[in-house]
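K.L.:
Starting off with a structure, shown below.
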Amino acid sequence: MERLIKVAIVLLISKISFGQENDTSDKGKFRFRSIEAGFGFYESTYKERINSSGHSGIDLSVRTSFSLKRNIFSLDLKLGEEVSFFGGGDSFYTVNLLYGRQWDLAAWFAIETHSGLGVFSNSRYDLSGDFGRDTKTEESLGVPIDLKFMLYPKGFTIGLNPGVNFNSIGNTFYGNLIFQYNFN
């Protein structure tokens, strides 16, 4: 899994480096579209625990997107950690490949929809009496679905990004405030 994350970072850096060579007059080419960062909250539920109230915490996200005509292809990374001072906790990361579309509803407002496939990894831990940490990590195939509500979708954009990641470990719902820079 670490190798996949390293490859994704190298691809992102190389694409940003060569992103200046894109010709905006040619709409039929695969082009670098945007880069985005966000933060917010998440809530996870676990299928193995019937009476589980779930875990919640803060999450961070990074996404880079490419376009081909009106289609958007994205590489998305999300990290989340439960804020817990006593007892156990929860954390996750997910790496996703997404397909999406954008609808411009006004000159100052747009909506994007995205869905895809990815790897979802969840770690649950308990603090033991000797200040050790007992961790249980599970990985699963995830199906993320999200929306983006964006203000002023040209150039620098601010928006909201609610979504869900369906997986066999337990569904994770999130809501993020995003900051996106659009290159075209």
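The values are calculated or read from the model by the stated rules, or taken from the named source; none is laboratory data. Treat the numbers as computed from the prediction; the structure is a model and nothing was measured. Please note: Cβ atoms are built from the backbone with ideal geometry, for glycine as well, and neighbour counts cover all protein chains shown. Calculation scope for accessible area: heavy atoms of the full protein, side chains included, ligands and nucleic acids excluded. Shrake-Rupley method; radii C 1.70, N 1.55, O 1.52, S 1.80 Å.
K.L.:
Check which residues have an amide H placed less than 5 Å from residue 56's amide H, if you skip close sequence neighbours.
P.N.:
Under 5 Å from the amide H of residue 56: 44.
K.L.:
How would 178, 58 line up by accessible area, probe 1.4 Å, largest first?
P.N.:
From most accessible down to least: 58, 178.
K.L.:
Can you compute the modelled spin-label distance between residue 83 and residue 181, with each label point 7 Å from Cα toward Cβ, in nm?
P.N.:
2.8 nm
K.L.:
Just list whichever of 29/148; 78/154; 69/148 have alpha carbons separated by over 21 Å in the model shown.
P.N.:
Numbers: 29/148 24 Å; 78/154 24 Å; 69/148 19 Å.
Listed pairs above 21 Å: 29/148; 78/154.
K.L.:
Then there's this: Could you give the length gained by full extension between residue 149 and residue 164, i.e. 0.36 nm per residue of separation minus their alpha carbon distance, to one decimal place?
P.N.:
3.9 nm
K.L.:
Moving on to the next point. If you plug each phi of region 112-119 into the Karplus form 6.51 cos²θ - 1.76 cosθ + 1.60 with θ = phi - 60°, what whole-Hz ³J(HN,Hα) values come out, in order, with x for Gly and Pro?
P.N.:
After applying 6.51 cos²θ - 1.76 cosθ + 1.60, I find 10, 10, 9, 8, x, 10, x, 9 Hz.
K.L.:
Using a 1.4 Å probe and counting only protein heavy atoms, arrange 120, 39, 109 so the residue with the most accessible area comes first. The partial results should precede the final answer.
P.N.:
Working: 120 0, 39 105, 109 50 Å².
The ordering from most to least exposed comes out as 39, 109, 120.
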